[in-house]
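Trainee: Have a look at this one.
The values are calculated or read from the model by the stated rules, or taken from the named source; none is laboratory data. Quantities reported herein were computed from a predicted structural model and do not represent experimental measurements. For neighbour counting, all protein chains shown are included, and Cβ atoms are generated from backbone atoms with ideal geometry for every residue, glycine included. Remember, those area values only see protein heavy atoms, side chains included, never the ligands or the DNA or RNA. Shrake-Rupley method; radii C 1.70, N 1.55, O 1.52, S 1.80 Å.
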Amino acid sequence: MDTNTIIVIMIACAAAMMGSAALYLRRRAKRIRPEAYDLMEGHDFEYYCAELLKNNGFQEVEVTKASGDYGVDILAEKDGVTYAIQCKCYTSPVGVKAVQEAYAGRDYYDRMVGAVLTNQYFTQPAVEAARKLKILLWDRGYLEDMAAEWEAS
């Protein structure tokens, strides 16, 4: 290869790297910037999640009473499957306690599936407990996907 070809390849690589870096920074800035649901109080977050579920094909969506809900904030059904959902609007990762609440609430309300829906992510012990107890973990990515579906419709 001659020198001019090498220079052209180097410039193209540098441009591609700068484009990738710009995309990475845009995505990172979006993750750092709080979404509206990050600033919600617990009960407001539950109602927001209920609306998301309705707009994503869930039916018979019901927010349980604020206290004495046996670890479940939302009851719902989709495609013949009944759900007991615990919502957590946190500023840090969600731990095992939320998984235990969903597990207890699933059985109390006699639902087929228990889930925890959060604006954050889960600790490793929570992931392990959920796997063992067969509880679905719907993290920030899942929440963002549901919100995007809602906005697109």
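Trainee: Skipping prolines and chain starts, which residues have an amide H placed within reach, meaning under 5 Å, of the one on residue 90, given they are 5 or more residues away or on another chain?
Mentor: The list, which skips near neighbours in sequence, is 119, 120.
Trainee: Scan segment 47-114 for trypsin sites (Lys or Arg not before Pro) in coil per DSSP, keeping those whose Cβ has at most 10 other Cβ atoms within 10 Å, and list them by number.
Mentor: For trypsin sites (Lys or Arg not before Pro) across segment 47-114 that sit outside H, G, I, E and B with at most 10 neighbouring Cβ atoms in 10 Å, the list reads 65.
Trainee: Then there's this: Residue 132 to residue 120: extension gain in nm, 0.36 nm per residue of separation minus the Cα-Cα distance?
Mentor: Full-extension gain reported as 2.2 nm.
Trainee: What full-extension length gain, to one decimal in nm, is calculated for residue 112 and residue 151 as 0.36 nm per residue of separation minus the Cα-Cα distance?
Mentor: Here the answer is 11.2 nm.
Trainee: Dipole size in debye (nearest 20) for segment 64-153 around its Cα centre, Lys and Arg Cβ +1, Asp and Glu Cβ -1?
Mentor: 380
Trainee: Any idea of residue 127's accessible area? Nearest 10 Å², probe 1.4 Å.
Mentor: That residue has around 40 Å² of solvent-accessible surface.
Trainee: Using only the alpha carbons of segment 72-147, what is the convex hull's orientation-averaged projected area in square nanometres?
Mentor: 4.7
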